[in-house]
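In what follows, a single structure is set out as structure tokens and then discussed.
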Amino acid sequence: MGLSKTIFANPTEYLVREQPEDPVLFFAPMVLQATARRFLRGFPGLVTYAVKSNPDEMVVANLAAAGIRGYDVASIFEIDLIRRVAPGAAMHYNNPVRSRSEIARAVELGVRSFSVDSHSELAKLQDLVPAGAEIAVRFKLPVNGAAYNFGAKFGATAEKATELLRAARDMGFVASLTFHPGTQCVDPMAWDSYIRTAAQIATDAGVEIARLNVGGGFPSHRLSDVNPELENIFGLIDRVTTEAFGDARPALVCEPGRGLVAESFSLATQVRAIRDDEHVFLNDGVYGGLAELPLIGIIDRVEVRDPAGARRNAPGRARIVFGPTCDSVDRLPGELALPGDMAEGDFVMFHGLGAYSTATVTRFNGFGNFQIVTVMALHG
């Protein structure tokens, strides 16, 4: 994966000039910083970035420039990255399962906030983490409204979370709670249920929690007709926290990944073939920058341009779209409406692809040779 050192006005300028045969990810730092400032203005607490969604150094550097002062890290690699690119920032090691060597190394690197969802992992933290550090107990609920369920892997039941919270307090840690409502969570009421349950857990444990981390899950703009209203989610979180906790209201933390970074990248692919005017084959697919689509659904914010940069505007036709690999699962979910006059060699641009694109690209079948190009704007 290469990085162009030239800054272009927009993706079309680059595509016309370079005629790339490999996929291109276009990065707009100004869009990323604007999104970060939207979170900083609207969220009633500390905004931290979930590094796993896009760990590129230029992403972290631009978030730091915009005022992001905290990061949700899930590995020693990510901790080292933040120490290097955003020195002095707070780090929350919120992967609830870690080896002893990983915990010890994180402590050496200055991490003082850890999540936990089991007694066995809490015992490790007691052995290795200094008293006075924050332990955030992660719990889960059977809540709908997200693209997929994060509770399938992590999170204690409310009953176990109550035990863990009390135990963490008794061990001398700063006791907090955390949850994750699920990725691409478009229903604000998911946060309502979790926040009210957090208050009940704290009451049952007899612990006044220091902080409540309301997770990520903040949705990005994936469908043309569904533009997420983040401010409504921020307002609900603020209101329900006060209602649920009253005078014992904890400080709030969030850890958006997709919601922060998705809109700042667009992916340009090229049409390799149109088979018998039915099936479209692109030079990227589910083993590359489009890996998430089979998991959480299609992105229909797509534009098609010919090699000269002109936009294809013919009425759309539903097409089956395949990636370039010799694998039958390399197919986008469902069908995608694409202009009826599109042709081989055209560029198909997917907007809103900054999350889980660079982080999950493979070189399966020899494909996946990306360029990353910096642009001033992603449209035009």
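Computed from the coordinates by the stated procedures, all read-outs in this text should not be read as laboratory data. Source: prediction; values computed, not measured. Note that each Cβ is placed from the backbone with ideal geometry, even for glycine, and that neighbours are counted across all protein chains shown.
For the chain, a Gaussian network of Cα nodes joined below 10 Å ranks N369, N313, N95 by mean-square fluctuation, and the top entry is N313. Counting DSSP beta bridges in the chain, what percent are antiparallel, to the nearest 5? In the chain, DSSP labels about 40 percent of beta bridges as antiparallel. For the range 203-318, the spread of Cα positions along the three principal axes, ordered from largest to smallest, is 67, 27, 23 Å.
Relative to the current alpha-carbon distance between I7 and R105, full extension at 0.36 nm per residue lengthens the span by 31.5 nm. The residues D346, D300, when put in order of fewest to most other Cβ atoms within 10 Å, stand as D300, D346. Across the range 352-357, computed HN-Hα scalar couplings (Karplus, 6.51 cos²θ - 1.76 cosθ + 1.60, θ = phi - 60°) run x, 10, x, 9, 6, 10 Hz from first to last residue, x flagging Gly and Pro.
Packing order of peptides 116-128, 258-270, highest average first: 258-270, 116-128 (average count of other Cβ atoms within 10 Å over each peptide's residues).
Note on the chain: GNM, Cα springs under 10 Å; of D247, D327, D341, the largest mean-square fluctuation is that of D247. Mean residue ellipticity at 222 nm, helices only, the chain: -9000 deg cm²/dmol; runs of at least 4 DSSP H residues each add -39,500 (n - 2.57), and the sum is divided by the number of residues. For the residues R275, R196, R239, a GNM of the chain with alpha-carbon springs under 10 Å puts the largest fluctuation on R275. Here the relative contact order of the range 215-279, from alpha carbon pairs under 8 Å that lie six or more residues apart, stands at 48 percent. Annotation: the residues V137, V271, V329, V129, sorted from fewest to most other C-beta atoms within 10 Å of their own C-beta, follow the order V329, V271, V129, V137.
Under the convention that each Lys and Arg Cβ holds +1 and each Asp and Glu Cβ holds -1, the size of the dipole of the range 303-380 around its Cα centre is about 100 debye. Maximal additional length on extending the E344-A318 stretch stands at 7.7 nm, based on 0.36 nm per residue less the C-alpha distance. Averaging the Cα positions of each part gives two centres, and for the range 228-295 and the range 77-137 these lie 26 Å apart.
Stokes-Einstein, applied to the Kirkwood radius of the range 105-261 over Cα pairs at a viscosity of 1.306 mPa s and 10 °C, places its translational diffusion at 99 µm² s⁻¹.
Under 15 Å from a point placed 7 Å out from the Cα of R112 along the Cα-to-Cβ direction: which residues of the range 48-90 have their backbone N that close? The answer is 70-71, 88-90. Report the extension gain between D247 and H221 in nm, rounded to one decimal, defined as 0.36 nm multiplied by the number of residues separating them, less their alpha carbon distance. The D247-H221 span can extend by a further 5.8 nm. About its Cα centre, the dipole of the range 20-167 is roughly 440 debye, where the only charges are +1 on Lys and Arg Cβ and -1 on Asp and Glu Cβ.
Separation of the range 324-348 from the range 151-191 is 41 Å, based on Cα centroids. Projected onto planes of every orientation and averaged, the convex hull of the alpha-carbon atoms in the range 254-380 covers 8.3 nm². Report which label in (i) 59, 51, 46; (ii) 67, 38, 38; (iii) 76, 42, 42 holds the value of Cα extents along the principal axes in Å derived from the coordinates of this structure. The value matching this structure is (ii). Distance between the pseudo-spin-label points of E57 and A337 (7 Å out from Cα toward the beta carbon): 4.3 nm.
Proximity of backbone amide H atoms, modeled 1.01 Å from N, is registered between T178 and V137, R138, F139, N213 at under 5 Å, excluding neighbours fewer than 5 places apart on the same chain. Counting other Cβ atoms within 10 Å as a rough exposure proxy, the listed residues T362, T374, T197 run T362, T374, T197 from fewest neighbours to most.
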